[in-house]
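The structure under discussion appears below in the form of structure tokens.
Values quoted throughout were computed directly from the atomic coordinates according to the rules given, and no laboratory measurement underlies them. From a predicted model like this one, the values you see are computed outputs, not experimental measurements. Note that each Cβ is placed from the backbone with ideal geometry, even for glycine, and that neighbours are counted across all protein chains shown.
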């Protein structure tokens with residue numbers, strides 16, 4: 001969780017309490033240490049939050065305080081809205097929900113004139129990829145995030161089936177497909193797997209032997225340059 005998100009969540013928690021609430025309770029609800037909680041309260045006070053209380057006694061937020069507005073240009077707001085809407089309609093359910101939550105948080109703190117721009121709907125995301133798949137994209141994303149090997153059952157374009165152990169490094173979202181890029185232990189090379197052709201994916205206990213950012217750099221070097229595409 002980023003510091004900005006944590007401060008926002010702390011504000012939301014304080015708004016839900018009309019009476020002083022102990023720091024330990026707030027820290028447990030946020031999943032942070034008591035020391036971090038005290039530092040976050042100090043940071044909120046520094047930007048003008050009227051928080052009464054002190055360690056051991058509890059804290060209460062005075063009403064009518066809002067975080068300072070996010071200062072975006074009109075173009076930046078439109079870019080933000082378009083990008084988050086694209087994620088809502090093109091990514092897996094978890095990323096879609098996260099995008100909707102981000103949009104709601106930004107909307108809550110924008111100045112009135114920019115809030116109207118955010119809701120304008122002048123830029124739309126049209127229909128796109130909608131193919132059934134056996135393996136959830138969140139499982140592929142988790143393996144990438146944890147740098148963990150995957151055993152996959154895969155069907156190629158000709159329908160031939162194979163079982164492989166791969167080191168997933170990237171998931172690319174095209175309009176017509178979702179592609180998992182990975183080092184393939186069977187082929188001893190980087191390969192690309194369409195997500196809708198992966199019949200099963202089992203995370204293995206071992207991590208792959210090199211850091212993902214190194215593998216990603218190596219994989220990118222194998223791709224043709226735009227000038228040769």
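How do 217-223, 6-12 rank on mean C-beta neighbours within 10 Å, highest first?
Highest to lowest by the protection proxy: 6-12, 217-223.
When the Cα centres of the range 150-218 and the range 1-54 are compared, how far apart do they sit, in Å?
Taking the Cα centre of each part, the range 150-218 and the range 1-54 sit 42 Å apart.
Please determine, in degrees from 0 to 90 and to the nearest 10, the orientation of helix 34-46 with respect to the longest principal axis defined by the Cα atoms of the chain, where the helix direction is its Cα long axis.
60
What is the Cα coordinate range of the range 89-174 on the first, second and third principal axes, sorted by size from largest, in whole angstrom?
Sorted largest first, the three principal extents are 55, 29, 17 Å.
Just checking my list (i) 90, 46, 28; (ii) 66, 44, 32; (iii) 49, 37, 34 against Cα extents along the principal axes in Å computed from this structure; which label fits?
Matching the structure shown: (ii).
For the range 87-229, what does the relative contact order come out to in percent, with C-alpha contacts under 8 Å and a separation of six or more?
Averaging sequence separation for qualifying contacts and normalising by length gives 21 percent for the range 87-229.
Which value at 222 nm does the chain reach when only helices count, each DSSP H run of 4 or more adding -39,500 (n - 2.57), with the total divided by all residues and rounded to the nearest 500 deg cm²/dmol?
Only helices count here, giving -13000 deg cm²/dmol.
Taking only C-alpha pairs under 8 Å that are 6+ residues apart, what is the relative contact order of the range 74-118 in percent?
It rounds to 45 percent for the range 74-118.
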